[in-house]
1. Against the definition (buried (at least 20 other Cβ atoms within 10 Å of the Cβ), at pLDDT below 95 and in the same structural domain as V116 (by TED's automatic domain parsing)), how does Y100 come out, yes or no?
2. Go over the candidates D156, D203, D162, D199 one by one and state the one that is among the acidic types (D, E), touching a strand residue (DSSP E or B) at 6+ places or on another chain (Cβ under 8 Å) and modelled with pLDDT under 95.
3. Check whether at least one residue in the stretch 95-116 is acidic (D, E) and part of a loop (DSSP other than H, G, I, E, B), and report yes or no.
4. Looking at (1) under 24 Å from the mean Cα position of the chain (by Cα); (2) more than 30 Å from P29 (Cα to Cα); (3) outside any loop (DSSP other than H, G, I, E, B), can you tell me which one V151 breaks?
5. Within the stretch 259-299, how many residues turn out to be surrounded by fewer than 19 Cβ atoms within 10 Å (Cβ to Cβ), at pLDDT 95 or above and outside any strand (DSSP E or B)?
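The values are calculated or read from the model by the stated rules, or taken from the named source; none is laboratory data. Worth saying up front: this structure is predicted, and the values here are computed from it rather than measured. Cβ atoms come from the backbone with ideal geometry, glycine included; neighbour counts cover every protein chain shown.
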Amino acid sequence: MKKYIILPLVCVALAACEKTIDFDIPYDPPKLTIDVKLQSEQIPKAIVGTSQFSMSSKNPKLDSLSEVFLYEDGILIDEFLPRRYSSNIYDSQGRPITAYYYEGNYRPMPGHTYEVKAQREGFTEASGSGYMYEPVEIFQSNYDTETGDLVVSFVDPAGEGDYYRVSIFPRGQGSDSYYNSIFGTYDPTIEFFETEDIDDFFDTNGLTFGYAGYLKDEFFDGKLKKLKLVYYGGYEEEPQTNSFDIIIERITEDYYKHERSKALQFIDNPFSEPTPLYGNIKNGYGIVGTAGVSRVYIQP
């Protein structure tokens, strides 16, 4: 009968060895959040809100209670005004909420440093800045309507350590139309940071696809860079026959790192460590990025 009392004795022994460990998660008080991507000669827009402690049941806010200012080379040049989103914005529980963004009137120009400051009662002022580079000159573009092959060439400025963002806008659509404008490439220097799996829609044969491609000049510093792309224009494997614009943005390193870190947040690996979201906001969270924009019009 002795063998039948071993298990209860083991359970009692393990229970006696149990130890409760108390620990506190460091409290991170709410701060102002800023998300701004300034484009050369474009009306600036900013998403400004407040953060919440990770263990709080409250949702971050995107209301109209902040004051947002734009500085050029240290001189105040514009105040952004709140504008209500026309489409629905949802909270973490999927409930629609009233949300605002902020819009200015002054169009930033290359060759200047821009700073965005946000103020709100009860919060420490938050700010971020970036230098707006001159756009690159596009020398060659060609589009084959039979195959969808698209070639765009530009010369990278030497010794600058540049970063670029490439996207495509169909003509006659809104400013966010590139979200419907998928393109691909065999070029391993072009990275797509989107989180959803676009490969499911295509027989890719080794192509990578996305809505926006990012690249840095470490392999073509000061040289001609020929972008070899494949453009279908949507979720169909047919070459685009309508006119469109190719956008090449010369962006800051902060902008590039922020977008890359956002993509790393969604890696489907249960064993991966959490990736901090990269930002350049003092006394807050988020990013102020700048982009010198080059554009070429394609009429198939």
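1. Here the answer is yes, as Y100 does meet what is asked.
2. Numbers: D156 fails: modelled with pLDDT under 95; D203 fails: touching a strand residue (DSSP E or B) at 6+ places or on another chain (Cβ under 8 Å); D162 fails: modelled with pLDDT under 95.
One residue alone meets the criteria, D199.
3. Looking for residues that are acidic (D, E) and part of a loop (DSSP other than H, G, I, E, B), one finds none in the stretch 95-116, hence no.
4. (1)
5. So the answer is 1.
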